[in-house]
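Take a look at the structure below.
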Amino acid sequence: MPRRIKYDNSGIAHIYQRGINMSVIFYSIKDILVFYTVLYAKKNKYGITVLGVVCMYNHYHLTVTARSHEDIANFQMEFESTYAREFNSEIGIKGRVFEPIYGLSNKIGGKKQREATAYLNNNPVEKQLSARALDYRWNFLSYAESDCPYSEKLVVRKASRQMKKCLRQVNCMFRSGCYLNYNFLRECFSRLTPEEANQFVDNVIVKYKVIDYEKVIRLYGSFETMLIAFDSNTGSEHDISEEYSDKSYKSYPTLIHSLIHEYGFANPKEVLKLSYEDRLKLCNSLIRTQDVSPFIAGTLLHVYHPKPKRRKRRE
């Protein structure tokens, strides 16, 4: 199916992509860090400037600028295929991770660009994952003003031997232009205390700085003005058609917690190794026992199938 809209390099592109059949694509911090560092590596390869990114369990949004539509198309293809390969290989499964076609809309002019920026950063507010855009970790907004918004400031010379080893490896991979893979992240998190793990995550996000914060802040004049705008207006997006999904996503973290602590999955993504029939049974069990919608349970377990759109009859 050919893409109808092409990027206009006089403005900003808002890119929207979801998991196949709206399925979950972010189960853990490891998923987000792999996604984030792959994004960093591929944006640099294709000369993409990222103004915003938000990870939303079963989809993500980007706002970017580029030299041409071809650069965006090649970037998206390589970025998504790399993350999909890593996502599947972690647990030894196969299959499509993303929908075949991503959404793209052009934002020309300051007003539309600010609306798209507010919409992206307020996605977690709309889905009831946070009270304010600034409170959500995975739109990376808080990192515009702080290197350690979710942990105590790391003093490397006072860090543990395990932390120092992990940081040296991150620095080596960063200098080589490599993203962080699951094996490396699993090894690091197994060595670190919960407090150290939070410091490590903050360090990775700051080291692999994906977002050009200065450029996006210029749309508003200052960081404080931008936050006021986000708090007063959630933004809008009328040019990308998003399929139906539950108004609230706050059940996702609860269900992922249940998979770990009640169903015994050390890695919640391991649930995808079950047969389709077993995942369907588990889905029905979660709907009954956790009081969640078929959409939330089904997309978590990759057994949800959206109804096909009905084509309008031509007169």
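Among the trypsin sites (Lys or Arg not before Pro) in segment 120-162, those placed in a DSSP loop whose Cβ has at most 10 other Cβ atoms within 10 Å are Lys153. In plain terms, the chain from Arg132 to His305 could stretch by 59.2 nm, reckoned as 0.36 nm per residue minus the Cα-Cα distance. For the pair His257 and Tyr150, label points projected 7 Å from Cα toward Cβ lie 1.5 nm apart. Shape class for segment 40-145: oblate, because the ratio a/c of the largest to smallest gyration tensor axis (alpha-carbon atoms, square roots of eigenvalues) is 1.5 or more and b/c is at least a/b.
Karplus-based coupling profile of segment 161-178, in residue order and whole Hz: 4, 5, 5, 4, 5, 4, 5, 4, 5, 4, 4, 5, 5, 5, 4, 7, x, 9, with θ = phi - 60° in 6.51 cos²θ - 1.76 cosθ + 1.60 and x standing for Gly or Pro. Computed per residue of the chain from DSSP H runs no shorter than four, each worth -39500 (n - 2.57), the mean residue ellipticity at 222 nm is -14000 deg cm²/dmol.
Close Lys pairs in segment 1-115, defined as Cα atoms under 29 Å apart and 8 or more places apart or on different chains, number 21.
When the chain is described by a simple charge dipole with +1 on each Lys and Arg Cβ and -1 on each Asp and Glu Cβ, the residue from Val125, Phe265, Gln290 located farthest towards its positive end is Phe265.
Computed from the Cβ-Cβ distance with R0 of 41 Å, the FRET efficiency linking Arg288 to Arg157 stands at 0.15. One decimal place: the segment Arg85-Thr193 gains 36.0 nm when fully extended, by the rule 0.36 nm per residue minus the C-alpha distance. Hey, with R₀ at 25 Å, roughly what FRET efficiency would Ile93 and Ser248 work out to, going by the Cβ-Cβ distance, to 0.05? Efficiency, rounded to the nearest 0.05: 0.35.
With a simple spin-label model that places each label point 7 Å from the Cα along the Cα-to-Cβ direction, the separation between Asn233 and Ile101 comes to 3.1 nm.
Which of rounded, prolate or oblate describes segment 251-300 when judged by the alpha-carbon gyration tensor and an a/c cut-off of 1.5? Don't skip to the end; give the middle numbers.
Details: a/c = 1.64, a/b = 1.10, b/c = 1.49.
Here segment 251-300 falls in the oblate category.
Listed by chain and number, the lysines placed with their C-alpha closer than 19 angstrom to that of Lys281 are Lys269, Lys273; residues fewer than eight positions away on the same chain are left out.
Extending 7 Å from the Cα toward the beta-carbon at both Lys215 and Lys6 defines two label points whose distance is 2.1 nm.
Read the figures in this text as sums done on the coordinates, not as results from a lab. Owing to the predicted nature of the structure, the values given are computational and were not obtained by experimental measurement. Glycine also receives a Cβ, built like all others from the backbone with ideal geometry; neighbour counts cover every protein chain displayed.
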